[in-house]
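A short write-up of the structure that comes next.
The values are calculated or read from the model by the stated rules, or taken from the named source; none is laboratory data. A quick note: this is a predicted structure, and the numbers were derived from the prediction, not measured. With ideal geometry, Cβ positions are generated from the backbone for all residues, glycine too; neighbour counts draw on all protein chains shown. Calculation scope for accessible area: heavy atoms of the full protein, side chains included, ligands and nucleic acids excluded. Shrake-Rupley method; radii C 1.70, N 1.55, O 1.52, S 1.80 Å.
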Amino acid sequence: MAKPKAGKGQLLVRVSTCAVCRTDLHVVDGELPDPKLPLILGHQIVGRVEEIGEMWDGPQRPDSRSTKGAPTFAIGDRVGIPWLGWTDGDCSYCRSGRENLCDNARFTGYTIDGGYADFTVADSRYCFHLPERYDDVQVAPLLCAGLIGYRSYRKTGGARRLGLYGFGNAAHLIAQIAIYEGRELFAFTRPDDKATQQAAKELGAAWAGGSDEMPPEKLDAAIIFASVGPLVPAALRALAKGGIVVCGGIHMTDIPSFPYVDLWEERVITSVANLTRRDGEEFFEITPRVPVHTYTETFALEQANTALEQFRGGKLSATAVLRITE
Ligand SMILES: [Zn+2]
Ligand SMILES: [Zn+2]
């Protein structure tokens, strides 16, 4: 494949690893509207800067939408490229600190080419420096499962009793932060998935059971990571008054109707869309302190379709990471 060229403000990155996300399957299956076609998938990219395009107003240009200045990169630096690839900086959402909702946002591996490739280009302002304690394989799942999971987790505010529905990649990572911050964790898996329930308990969950079960105590918040609509009313019924259900996925099957009494008493349902750069800064600051441990299974780039199929079939025991260059 021809090497892409770094345009203005962009980095040319030699890809080292790229983790596989459920969103990649939603894109492949045509469940998300208007992807770039043809498209290179992949939005949890770790690589090294090979070339730097002409910068906007000098590389030190401060970025008011981020807590820090825009990150600067030198040739050879390790770089993390997430889902949020570009925003206009100008719409009402961007101007109010909600660039994750930007009207004109572009997304890596969806509306711009991603990291299932030897090289990719990325706008440097949306890239991250990654914590040194992780190698390129370990750190890749943090870039989406971790980051967007973290945004979902932050939406639960100070919830003491936290339920996680769907105990996959994102839940594994967020559970570690939740326990580190003293939350009481309740893990919900597919009914009868005793192995995953056991894994959740080993990670420190106070309780683990099937998504058809009620927890022993009412929850202050629940995050739904599975793309299964009927879990929304199920989670709502498990909430205490004033509790919140956060839907952490980009796609979900239809939500069945439910009686108003289940929402009454100030219960809330919300979704989480994308990420802001500020989420990333916070997340990569906290992960090495916990430290959040990632669980990975590596595949060669040529085995990308195998990895996707194994993901689809629920046959992966950890996050699939494509190992592209050593
Ligand atoms: Zn915008
Ligand atoms: Zn993702």
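Quick notes
- Test: residue in the stretch 173-189 that is out of contact with any strand residue (DSSP E or B) (no Cβ under 8 Å at 6 or more places or on another chain), polar (S, T, N, Q) and more than 27 Å from Asn305 (Cα to Cα): yes
- Any hit, the stretch 128-145, residues being away from ligand 1 (no atom under 16 Å from the Cβ), within 25 Å of Ala307 (Cβ to Cβ), assigned to a strand (DSSP E or B) and open to solvent by 20 Å² or more (accessible area, probe 1.4 Å): no
- Of the criteria (1) outside any helix (DSSP H, G or I); (2) surrounded by fewer than 21 Cβ atoms within 10 Å (Cβ to Cβ), which one His26 fails: (1)
- Boolean, Ala206 is touching a strand residue (DSSP E or B) at 6+ places or on another chain (Cβ under 8 Å), among the small types (Gly, Ala, Ser) and open to solvent by 10 Å² or more (accessible area, probe 1.4 Å): yes
- Out of Thr270, Thr276, sole residue that is touching a residue at least 40 places away in the same chain (Cβ under 8 Å) and over 28 Å from Arg133 (Cα atoms): Thr270
- Listing of strands (runs of 3 or more DSSP E) fully contained in the stretch 161-242 that carry 2 or more residues being at pLDDT 95 or above and within 27 Å of Val139 (Cα to Cα): 161-165, 184-189, 219-224
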